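These notes are about the structure you will find just below.
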Amino acid sequence: MTAIKRQIVVVCFGTPAISGDSLGPAVGSMLRADRTFPAFVYGTLDRPVTGRNMNEWIDFVREAHSGALLLAVDACLGDAGNLGRISVRSDGVCPAAVGGRKKRFGDVGIIAVVGDKNGDALSELMQANTLYVTKLAHKVAELIKTAICGIADAPAVF
């Protein structure tokens with residue numbers, strides 16, 4: 001197995017103030033709580049990366065971690081039949097898509113479907129079942145840990 005020779009940075013988007021949008025910060029907090037996790041993590045329940053502050057965070061991450069592999073995590077809405085589906089994208093995520101912004105961030109994106117895209121997006125995110133979103137966040141965090149720790153050959157630098 002060939003190790004990646006780049007630093008890995010995980011940026012988790014969302015706000016704990018809205019149940020469906022709390023997936024990202026929950027994932028960030030879970031990764032941060034694991035002291036053996038060998039990557040930088042931004043966006044947690046106590047310091048979320050939200051639509052209001054994300055431009056500053058994105059600028060900071062790009063400057064502080066130039067050349068790093070950027071892994072972005074976000075919740076999304078999708079077809080009702082895809083509720084709970086976790087997808088990995090090779091082109092990052094659109095962290096403020098619900099607000100109409102379509103600018104992508106990240107080299108790799110992980111999105112998890114937390115609600116139905118038919119209807120008002122904000123209402124769907126607000127009505128998402130908190131327990132379900134938390135369980136989905138656990139799955140996403142475990143997938144990230146397995147993927148990153150599975151390729152790690154040295155702490156913090158890959």
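Every number here is computed from the coordinates shown, using simple stated rules; none is lab data. No experiment lies behind these values; they were computed from the predicted model shown. Positions of Cβ are backbone-derived with ideal geometry, glycine not excepted, and every protein chain shown enters the neighbour counts.
Straight-line reach from K117: which aspartates and glutamates fall under 20 Å, measuring Cα to Cα and dropping same-chain residues less than 8 apart? Cα-Cα hits under 20 Å: D21, D74, D79. GNM on the chain, C-alpha springs below 10 Å: top fluctuator among R47, R35, R89? With Cα springs under 10 Å in the chain, the top fluctuation among R47, R35, R89 is at R35.
With a sphere of radius 10 Å drawn around the Cβ of M126, what net charge do the other residues whose Cβ falls strictly inside it have (Lys, Arg +1; Asp, Glu -1)? Kindly include the intermediate steps, with their values, before the conclusion.
Numbers: positive: none; negative: D21, D120, E124.
Result for the local shell: -3.
When the chain is treated as a GNM with alpha-carbon contacts under 10 Å, the residue of G24, G14, G51 showing the greatest mean-square fluctuation is G51.
Taking amide hydrogens as placed 1.01 Å from N in the peptide plane, the amide H of Q7 sits under 5 Å from those of L69, F158, each at least 5 positions away in sequence or on another chain. Proximity of backbone amide H atoms, modeled 1.01 Å from N, is registered between I110 and A72, V73, D74, R89 at under 5 Å, excluding neighbours fewer than 5 places apart on the same chain.
Taking amide H positions as modeled 1.01 Å from N, with prolines and chain starts lacking one, the residues under 5 Å from L45 and 5 or more places away or on another chain are S29.
Dipole of the chain, Cα-centred, from +1 at each Lys and Arg C-beta and -1 at each Asp and Glu C-beta, to the nearest 20 debye? Computed charge dipole of the chain: roughly 220 debye.
Going by alpha carbons, how many degrees (0 to 90, nearest 10) lie between the helix axis of 23-33 and the longest principal axis of the chain? Roughly 30 degrees between the two axes.
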